[in-house]
Every structure is written in structure tokens, then in C-alpha cells.
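The values are calculated or read from the model by the stated rules, or taken from the named source; none is laboratory data. Remember, predicted model here, so these are calculated numbers, not experimental data. Glycine gets a Cβ as well: all are built from the backbone with ideal geometry, and neighbour counts include every protein chain shown.
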Amino acid sequence: MPNDAQYTVEPLNPAKHRRDAFDCGVEVLNEFLRTRARKEMEAGTSACFVIVPANDPKQVAGYYTLSAATISRTALPESVTKKLPRYTDFPATLLGRLARDLQFKGQQIGDRLMASVLHRAVAASKEVASWAIVTDPKGDRAREYYESFGFQSLTANRQFLTMSQAVEWISAR
């Protein structure tokens with residue numbers, strides 16, 4: 001992506017990053033970053049990563065969270081499960097939240113965050129097995145956004161992208 005050097009994706013550091021100024025236009029996502037992200041990181045229930053501009057590394061332009069999840073074999077299409085071991089559940093990485101500050105609209109922050117998600121999830125899956133990335137989009141716009149990266153429906157409220165598809169996406173870039 002153009003101008004990647006203008007931004008850095010790094011783990012949330014509550015002592016460094018200005019979370020109170022973040023506004024993505026969705027209060028529940030703003031509030032999560034301000035009040036819950038640190039607590040969830042400390043509890044070990046999710047990891048939060050922020051994208052910051054190089055010229056203001058304390059400003060949060062966007063963020064995402066990752067945590068462990070599973071996918072039930074019964075939720076997957078038979079065409080997919082034919083090629084998999086006969087496990088009841090498969091390990092997955094949950095993309096729990098992804099948001100971009102309104103000030104950064106039009107600067108490809110969402111795409112930069114998604115590229116970071118895919119790279120980080122693929123790298124982690126080589127250390128601790130994870131077969132896919134799952135997400136629970138809130139609304140049609142979010143669903144369409146994830147579909148643009150290759151995510152497909154798993155259930156009415158969940159989408160998935162296999163790690164092999166994520167690797168293909170990364171290789172194509």
C-alpha cells in the first residue's frame with residue numbers, strides 16, 4: 001500500500017496512546033478502546049493493536065482486536081470439511097473489533113488494519129495452530145467490507161476466512 005511508512009501498527013500501550021480522542025462514529029467501539037481494551041489485554045482475553053501516524057505516534061488512527069476462537073465442524077460447508085480431520089471444532093483467530101477514526105477517512109486505514117490482521121494471524125498460526133480467521137460483522141456494510149477480503153458466511157452472524165486464503169491474499173499483495 002502506498003505510504004505505509006507513514007503509519008505503524010503496534011500493540012496498544014495505554015500509557016502512550018491517546019484513547020480518549022478516538023472517534024470512529026460508533027460509540028460502542030469508541031468506548032471499548034477507552035475503557036475495556038486495556039482490561040481485556042490484562043485479563044488475557046484479547047490483544048489490541050493500534051495504527052498510529054508516524055508524525056504523531058500517540059494518536060490512534062484505528063485499532064483491532066484478536067483472540068482465540070473455535071469453529072464448529074457442523075457450521076462449515078461439507079465441501080470444506082471433506083478435506084479436514086474429523087475434529088468436532090477447529091482452532092480459529094477471532095477478529096473481534098476493527099475501527100478507524102473519522103479523522104483518517106480516505107487514508108486506507110481500514111485496509112492497512114486488515115492487512116495487519118491477516119499478516120499477524122497467519123504468523124501466529126505457525127506457532128499456535130489456527131485454521132481460520134472469524135469475525136462477527138455488525139451490519140451489511142461491515143459484512144461487505146470483510147467480503148472484499150475474501151471472508152465468507154459461516155452463520156447468519158459470523159464470517160470466516162481460512163488461513164490458506166489469508167496466505168493467498170498476502171501473496172497477491
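Scanning the stretch 47-80 for residues that are out of contact with any strand residue (DSSP E or B) (no Cβ under 9 Å at 6 or more places or on another chain) and polar (S, T, N, Q), we see that the one that is modelled with the highest pLDDT is Asn55. Checking each residue in the stretch 87-110 for being charged (D, E, K, R) and more than 19 Å from Ser164 (Cα to Cα) picks out Arg97, Arg100, Asp101, Lys105.
Scan the stretch 131-172 for residues that are in a helix (DSSP H, G or I), of a type in the set (Ser, Thr, Tyr) and within 28 Å of Val28 (Cβ to Cβ) and jot them down. Full working, then the answer.
Taking the stretch 131-172 as the starting set, the residues that turn out to be in a helix (DSSP H, G or I) are 140-147, 163-172.
Restricting the remaining residues to those that are of a type in the set (Ser, Thr, Tyr) gives 145-146, 164, 171.
Those that are in a helix (DSSP H, G or I), of a type in the set (Ser, Thr, Tyr) and within 28 Å of Val28 (Cβ to Cβ): Tyr145, Tyr146.
Confirm whether Ala132 is touching a residue at least 60 places away in the same chain (Cβ under 8 Å), closer than 22 Å to Arg158 by Cα, of a type in the set (A, V, I, L, M) and in contact with a strand residue (DSSP E or B) (Cβ under 8 Å, 6 or more places away or on another chain). Judged against the criteria, Ala132 is a match. Within the stretch 119-130, identify whether any single residue is in a strand (DSSP E or B) and either under 21 Å from Arg34 (Cα atoms) or among the charged types (D, E, K, R) (or both), and answer yes or no. No; the residues of the stretch 119-130 include none that is in a strand (DSSP E or B) and either under 21 Å from Arg34 (Cα atoms) or among the charged types (D, E, K, R) (or both).
Look at the stretch 61-87 and say how many of its residues are within 30 Å of Phe49 (Cα to Cα) and not in a strand (DSSP E or B).
Going residue by residue through the stretch 61-87, those that are within 30 Å of Phe49 (Cα to Cα) are 61-73, 75-76.
Of the ones still in play, those that are also not in a strand (DSSP E or B) are 61, 73, 75-76.
Going through the stretch 61-87 one residue at a time, the tally reaches 4.
A count restricted to the stretch 58-96 and to residues that are over 30 Å from Gly106 (Cα atoms) and of a type in the set (A, V, I, L, M, F, W, C) stands at 9.
So which residues in the stretch 55-78 are over 11 Å from Tyr7 (Cα atoms) and hydrophobic (A, V, I, L, M, F, W, C)?
First, pick out the residues of the stretch 55-78 that are over 11 Å from Tyr7 (Cα atoms): 58, 63-78.
Answer for the stretch 55-78, where residues must be over 11 Å from Tyr7 (Cα atoms) and hydrophobic (A, V, I, L, M, F, W, C): Leu66, Ala68, Ala69, Ile71, Ala75, Leu76.
Being among the aliphatic types (A, V, I, L, M), in contact (Cβ under 8 Å) with a residue 40 or more places away in the chain and surrounded by 20 or more Cβ atoms within 10 Å (Cβ to Cβ) holds for only one residue in Leu84, Leu95, Leu76, Leu102, and it is Leu95. Counting only residues that are on the phi < 0 side of the Ramachandran plot and either without any contact (Cβ under 8 Å) to a residue 24 or more places away in the chain or in contact with a Pro (Cβ under 9 Å, 6 or more places away or on another chain) (or both), the stretch 31-73 holds 24 of them.
Looking at the stretch 1-46 only, could you name the residues that are outside any helix (DSSP H, G or I), within 20 Å of Ala121 (Cβ to Cβ) and modelled with pLDDT of 95 or more?
Tyr7, Thr8, Val9, Glu10, Pro11, Leu12, Gly44, Thr45, Ser46
Scanning the stretch 153-164 for residues that are touching a helix residue (DSSP H, G or I) at 6+ places or on another chain (Cβ under 9 Å), closer than 21 Å to Arg120 by Cα and not charged (D, E, K, R) yields a total of 5.
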